[in-house]
Amino acid sequence: MSAPDAAERFARLRLARAERVGPVTFRQLLERFGRAAVALEALPALTRRAGGTGFTPPPAARIEAEMAAGEAVGARLMVIGDPDYPPRLAAVDPPPPVLWTRGDPTLLSRPCVAVVGARIASAGGQRIARGLAAQLGAAGHVVVSGLARGIDGAAHAGALPTGTVAVLGGGVDDVYPPDNAELYEQIVADGCVVSESPMGARAQARDFPRRNRIISGLSRGVVVVEAELRSGSLITARLAAEQGRDVFAVPGSPLDPRSRGPNELLRQGAILCEGIEDIERAFETLRSLGEPPVDNPFGDGAEDVDTALIERVAALLSPTPTPRDELARALNAPVGAVAAALLELSLVGRATLLPGGLASL
C-alpha cells in the first residue's frame with residue numbers, strides 16, 4: 001500500500017477531527033473504504049441509514065487553519081499510513097489516527113522505554129528516575145514520559161543528552177504544566193514532543209488517558225518509579241500490559257503512599273526494577289524477535305449492510321461491552337456485516353465502538 005498523498009493526508013486529518021469518529025471508528029472506516037476521502041463522501045448516507053440526520057464533516061477551513069498553526073510553530077503532521085509513522089504505535093489496537101510532532105520525529109521509531117510516576121515525587125524518587133533515564137539513554141534507548149511535574153520531568157531531564165520524547169495531553173503547542181516551559185523548549189530542541197490533540201488544544205482531564213496510551217504504545221516497556229494506587233501512572237501500566245509491553249516497578253518503602261502503586265504492580269506480576277540491568281535482562285529474551293508485525297489498516301472497498309440488520313444489531317446492544325463475534329452468532333449474520341452495522345450505529349451515537357472488537361450502547 002502506497003503512502004497517502006497530500007489530499008488523502010488532509011482527508012485523514014479531517015476524518016479524525018469529525019464528531020463521533022474516534023480511533024476505533026477511524027480504523028474501521030479505513031478498513032471499509034480504503035481511503036478517508038471516500039469515507040467522508042459515504043458518511044452522510046451511512047448516518048441517515050442508521051437513523052441520524054446526516055453527517056457534516058469539519059469545515060475544510062478549520063483543517064486548513066490547524067495545518068497552518070502547525071506550520072507556524074514548525075510542527076509536523078503524521079497520519080496513520082505515513083512511512084515514518086512509529087511502527088510500534090501503529091501496531092496498537094487501534095492506533096491514533098493522527099499525530100503532531102515538534103522536534104525530531106525519528107526518535108519515535110527508535111527503541112523506547114517509558115519512565116513515569118508521581119507528580120508530587122520524593123527527592124529520592126526523582127533521583128532514581130533521572131539516573132535510570134540517563135542510563136537508558138546511554139544504552140541506546142529513547143526515554144518517553146508525559147512532561148508532568150515530578151518523576152516525568154526528572155526522567156526527561158536525565159535523558160536530554162541522548163534523546164527523550166514528551167507526550168502531551170493538549171496540542172504540541174500547549175506547554176503544560178507552565179513551570180516546565182524551559183524543559184519543554186529543551187525537548188523541542190534536542191528531543192521530540194508529540195500529541196494526537198489538535199493544534200492549540202488545551203489539556204483537559206479527559207485527554208490524559210489518551211496521552212498515557214501513546215506513552216505505553218511507543219514503548220517496549222514502562223517503568224513506574226513512584227505512584228499512588230489511584231494515579232495516571234498505574235493507568236499507563238495497565239495500558240502497557242494490555243498492549244503486550246513489559247511493566248517494571250521500582251519498589252519502595254511501605255511507609256510512603258507513593259510506593260503503594262509500584263509495590264501493588266509487583267504483587268500483580270510486574271518486573272522488579274532496581275536498575276537498568278533488570279530492564280536489559282527482560283529485553284534480552286526479546287531481542288531476536290524484532291519489532292511486532294504491523295497490520296495494514298486499509299481495506300479495498302465498502303461492505304454494504306441493510307437497514308434491517310442495523311436495527312437487529314442495535315436491539316442486541318447493552319451498556320455491557322459485547323464482542324461483535326458474539327453479536328454475529330446471535331444474529332446468524334456475517335461478522336463483517338455486523339461490524340459494518342456497528343460502525344454506522346456509532347456514527348449517530350447509538351453505539352460505542354471499543355478496542356478489541358467490543359461494542360456497547
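When we screen R20, R9 for residues that are touching a residue at least 12 places away in the same chain (Cβ under 8 Å) and assigned to a helix (DSSP H, G or I), the only hit is R9. In the stretch 76-128, the qualifying residues are those that are in contact with a Ser or Thr (Cβ under 8 Å, 6 or more places away or on another chain) and of a type in the set (K, R), and the one that is surrounded by the most Cβ atoms within 10 Å (Cβ to Cβ) is R88.
Selection over the stretch 146-161 of residues that are among the small types (G, A, S), assigned to a loop (DSSP other than H, G, I, E, B) and touching a strand residue (DSSP E or B) at 6+ places or on another chain (Cβ under 6 Å) gives a count of 1. Of the strands (runs of 3 or more DSSP E) lying entirely inside the stretch 162-234, those containing at least 1 residues that are touching a residue at least 24 places away in the same chain (Cβ under 8 Å) and farther than 15 Å from V116 by Cβ span 192-195. Yes or no: the stretch 57-65 includes at least one residue that is more than 21 Å from V313 (Cα to Cα), buried (at least 19 other Cβ atoms within 10 Å of the Cβ) and at pLDDT below 90. Taking every residue of the stretch 57-65 in turn, at least one turns out to be more than 21 Å from V313 (Cα to Cα), buried (at least 19 other Cβ atoms within 10 Å of the Cβ) and at pLDDT below 90. Does A340 satisfy being in contact (Cβ under 8 Å) with a residue 40 or more places away in the chain and assigned to a helix (DSSP H, G or I)? Against the criterion (in contact (Cβ under 8 Å) with a residue 40 or more places away in the chain and assigned to a helix (DSSP H, G or I)), A340 qualifies. The residue list G52, G34, G22 contains one member that is surrounded by fewer than 20 Cβ atoms within 10 Å (Cβ to Cβ) and at positive phi, which is G34.
Of the residues examined, V115 is one that is of a type in the set (A, V, I, L, M, F, W, C), farther than 30 Å from L358 by Cβ and either within 17 Å of the chain's Cα centre (by Cα) or not assigned by TED's automatic domain parsing to the domain that holds E344 (or both).
Quick check on S145: is it at pLDDT 95 or above and hydroxyl-bearing (S, T, Y)? Answer is yes for this residue. The residues on offer are I310, I276, and the sole one that is aliphatic (A, V, I, L, M), in the same structural domain as A42 (by TED's automatic domain parsing) and at pLDDT 80 or above is I310. Taken over the stretch 245-265, the residue count meeting the criterion of being more than 15 Å from I235 (Cα to Cα), of a type in the set (A, V, I, L, M) and under 27 Å from the mean Cα position of the chain (by Cα) is 1. A single entry from D207, D190, D179 fulfils the requirement of being out of contact with any Leu (no Cβ under 8 Å at 6 or more places or on another chain) and farther than 30 Å from A18 by Cα: D179.
The values are calculated or read from the model by the stated rules, or taken from the named source; none is laboratory data. These figures come from a predicted structure and were not determined experimentally. Every residue, glycine as well, gets a Cβ built from its backbone with ideal geometry; the counts of neighbours run over all protein chains shown.
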